[in-house]
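For reference, the structure discussed in these notes is given below.
The values are calculated or read from the model by the stated rules, or taken from the named source; none is laboratory data. Since the model is a prediction, treat every value here as computed from it, not as a measurement. All Cβ positions, glycine included, derive from the backbone under ideal geometry; neighbour counts span all protein chains shown. With ligands, DNA and RNA removed, areas are computed over all heavy atoms of the protein, side chains included. Shrake-Rupley method; radii C 1.70, N 1.55, O 1.52, S 1.80 Å.
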Amino acid sequence: LTAVGEPSMDPTISAPDSSAQQDSLFSMMDVFLISLITGLFTYWFFFRKKKEEVPELPKIQSVAAPVRDSSFIEKMKKTGRNIVVFYGSQTGTAEEFANRLSKDAHRYGLRGMAADPEEYDLSDLSRLSEIDKSLAVFCMATYGEGDPTDNAQDFYDWLQEADADLSGLRFAVFGLGNKTYEHFNAMGKYVDKRLEELGAQRIFELGLGDDDGNLEEDFITWREQFWPAVCEHFGVEATGEESSIRQYELVVHTDVNMNKVYTGEMGRLKSYENQKPPFDAKNPFLAQVTENRKLNEGGERHLMHLELDISNSKIRYESGDHVAVYPANDSSLVNQIGEILGTDLDTVMSLNNLDEESNKKHPFPCPTSYRTALTYYLDITNPPRTNVLYELAQYATDAGEQEHLRKMASSAAEGKALYLSWVVEARRNILAILQDVPSLRPPIDHLCELLPRLQARYYSIASSSKVHPNSIHICAVTVEYETKTGRLNKGVATNWLKNKVPAQNGSSSLVPMYVRKSQFRLPFKPSTPVIMIGPGTGIAPFMGFIQERAWLKQQGKEVGETVLYYGCRHEHEDYLYREELARFQKEGVLTQLNVAFSRDQAEKVYVQHLLKKNKENVWKLVNEGMAHIYVCGDARNMARDVQNTFYEIVSEFGNMSQPQAVDYVKKLMTKGRYSLDVWS
């Protein structure tokens with residue numbers, strides 16, 4: 001087309017020839033245009049992409065997937081329940097307490113059900129008054145730094161946004177927390193306060209359980225006052241003593257297809273043989289251990305560095321996230337329980353819920369063998385709670401031993417003291433109790449029904465995905481101690497991980513895991529200074545942080561001051577990642593490396609002492625450099641001492657009173673400039 005237009009604009013054409021040339025030009029143009037249009041049409045007709053013919057298929061009647069009934073009100077009406085106990089649970093304890101409360105209800109002529117808030121529409125709370133003598137109880141655990149548990153996140157979000165009228169709702173709350181944490185029982189307190197704000201009627205005071213003290217005793221004390229308050233409110237009376245009511249019935253499978261039997265999977269049958277993303281708590285990824293090395297050079301403890309291969313898993317993580325690991329119980333403990341109870345552990349069985357309407361059909365994946373249940377699904381190493389002792393007591397054939405167990409499960413002061421000393425402080429697990437109470441020989445299926453689920457263990461990831469996209473690193477110390485009874489107790493997960501030997505193939509090196517997102521994050525701007533405080537294995541997330549800052553520097557980014565305060569017992573014994581840290585310092589990534597060796601001199605020196613020593617520099621980084629502070633490790637002592645040290649530094653250099661300094665640090669936390677990743 002450009003060539004056709006060019007002659008008409010040619011300035012060299014003379015005036016006298018213009019008319020003749022115009023006639024010939026038009027005729028030529030007509031021919032050309034007709035030819036072009038014909039050509040284009042021919043091309044379109046023969047070479048156009050024909051619309052694919054869609055064969056008409058016979059219409060298939062669609063089968064709708066079963067819709068989960070999300071109305072707990074309808075379920076309560078259908079099953080004749082009037083008490084619903086919701087639980088926000090991360091490790092299973094709140095769920096356990098909720099089950100105990102719902103079972104209690106029958107003693108008062110009431111019927112209860114435990115409910116996972118994730119499975120229901122909580123806006124239905126406004127309709128609970130439709131049911132006679134109805135009550136909602138909330139057993140709410142607080143996770144991390146005042147956060148809701150994963151299964152209570154939606155409920156928490158709804159409470160924050162809701163403007164519902166809950167004036168017909170009667171409620172009570174029991175919170176599960178730990179006093180060593182900054183935001184003790186934040187979730188329980190919030191739910192209690194918010195429900196009242198929305199017009200609901202509190203029929204019993206908020207209970208605050210402290211896991212740093214004796215959570216079981218806190219719960220029993222609250223519970224024994226809670227039920228009389230319920231009785232008074234509804235005008236009912238206890239119908240009898242607490243009785244043992246089985247929740248599940250045993251079915252033994254003598255002729256079963258072994259392909260239908262669970263062998264340790266958390267959710268889908270055969271999910272470990274046929275892995276499909278996305279991977280989460282109900283569908284963990286089997287990661288190969290590619291490295292497992294001892295980090296410390298001496299001492300009694302075993303500190304280790306593990307690397308998990310996540311290639312082809314589509315798992316993504318960021319520095320500061322947590323890796324959750326599903327461990328297995330020690331086979332010798334499992335075998336001893338089987339021997340004491342005279343049971344064939346390879347018997348394949350199912351425990352089926354007697355309440356057919358319950359969402360929870362089994363206490364753990366079924367059908368399975370007793371061996372699998374005791375190895376992968378049940379907690380056999382923690383001291384059992386009082387309700388387990390109460391239920392088991394009926395099987396003690398010796399009257400004195402039965403009385404001993406019943407007394408520990410009672411709410412009397414003497415019983416509580418006995419439970420505290422004989423079970424909790426002596427760290428007696430279920431095997432130790434069976435050994436020390438010779439006449440106690442319960443049916444193994446009832447024991448499996450009563451024991452809590454074995455929970456995943458969380459570790460701060462010790463690597464950066466920018467540097468190690470296909471690998472997750474763990475830094476951990478094996479837990480091993482002698483109890484007051486002279487037994488050697490071992491931590492389930494750390495000792496199981498210790499024995500994971502890197503290999504080409506075989507389950508001996510496989511670890512079921514998933515990633516849990518965290519709020520423990522590096523600043524958005526790499527140029528922002530960071531102060532990291534992490535003694536012992538608290539250094540884990542900071543290895544990821546430092547790796548990431550080194551990578552950012554290599555990318556040509558401006559990286560701010562990177563300051564580490566690390567602590568260990570002895571310089572030549574348990575100084576973790578010594579060579580790596582020295583290299584990072586030499587490369588200029590780690591601008592300050594301050595190490596406290598607590599036991600290398602007469603007076604103990606900890607990280608907080610080094611912070612005080614460098615207080616002027618610390619204040620300058622925080623006040624002028626707008627540094628972000630990160631603390632990882634022990635919550636009970638270290639984190640609290642470090643926080644108190646910051647109060648002192650802020651007070652001295654900021655010319656503030658103690659309350660003003662505390663407020664200043666709290667504001668840093670609110671702004672995300674003072675972050676904690678701590679455990680007790």
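Values for this structure:
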quantity	calculated
Condition check for Y577: crowded, with 16+ Cβ neighbours inside 10 Å, under 18 Å from V477 (Cα atoms) and touching a Leu at 6+ places or on another chain (Cβ under 9 Å)	yes
Filter result (touching a strand residue (DSSP E or B) at 6+ places or on another chain (Cβ under 9 Å), open to solvent by 70 Å² or more (accessible area, probe 1.4 Å) and of a type outside the set (K, R)) within the range 281-304	T290, E300
Options S657, S651, S675; residue that is open to solvent by less than 40 Å² (accessible area, probe 1.4 Å) and without any contact (Cβ under 8 Å) to a residue 12 or more places away in the chain	S651
Scan of the range 133-153 for residues that are more than 30 Å from G633 (Cβ to Cβ) and at pLDDT 95 or above, ordered by number	S134, L135, A136, V137, F138
Per-region count, the range 219-266, residues assigned to a loop (DSSP other than H, G, I, E, B), acidic (D, E) and either modelled with pLDDT of 95 or more or open to solvent by less than 30 Å² (accessible area, probe 1.4 Å) (or both)	1
Residue among L621, L610 that alone is closer than 22 Å to R521 by Cβ and either in contact with a strand residue (DSSP E or B) (Cβ under 9 Å, 6 or more places away or on another chain) or of a type in the set (D, E) (or both)	L621
Unique residue being modelled with pLDDT under 95 and open to solvent by 10 Å² or more (accessible area, probe 1.4 Å) when the list is E307, E356, E339, E318	E356
Qualifying positions in the range 617-641 - touching a helix residue (DSSP H, G or I) at 6+ places or on another chain (Cβ under 9 Å), surrounded by fewer than 17 Cβ atoms within 10 Å (Cβ to Cβ) and over 28 Å from K557 (Cβ atoms)	D641
Matching strands (runs of 3 or more DSSP E) fully within the range 269-357 where at least 1 residues are within 21 Å of the chain's Cα centre (by Cα) and more than 28 Å from V437 (Cβ to Cβ)	285-294, 303-309, 322-325
Residues that are aliphatic (A, V, I, L, M) and in contact with a helix residue (DSSP H, G or I) (Cβ under 6 Å, 6 or more places away or on another chain), drawn from the range 532-549	M532, I533, I546
Test: residue in the range 220-240 that is closer than 14 Å to K103 by Cβ, in the same structural domain as R100 (by the TED database) and not hydrophobic (A, V, I, L, M, F, W, C)	yes
Within the range 111-196, strands (runs of 3 or more DSSP E) holding 2 or more residues that are in contact with a Pro (Cβ under 8 Å, 6 or more places away or on another chain) and either open to solvent by 50 Å² or more (accessible area, probe 1.4 Å) or under 19 Å from A98 (Cα atoms) (or both)	135-143
Hits in the range 506-545 (condition: of a type in the set (S, T, N, Q) and at pLDDT 95 or above)	S527, T528, T537
Qualifying helices (runs of 4 or more DSSP H) (wholly inside the range 399-499; at least 1 residues being in contact with a strand residue (DSSP E or B) (Cβ under 9 Å, 6 or more places away or on another chain) and aliphatic (A, V, I, L, M))	399-408, 430-436, 444-450, 492-498
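Okay, residues lined up against (1) open to solvent by 30 Å² or more (accessible area, probe 1.4 Å); (2) under 24 Å from T221 (Cβ atoms); (3) modelled with pLDDT of 95 or more:
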position	(1), (2), (3)
A373	no, no, yes
D379	no, yes, yes
N382	yes, yes, yes
H404	yes, yes, yes
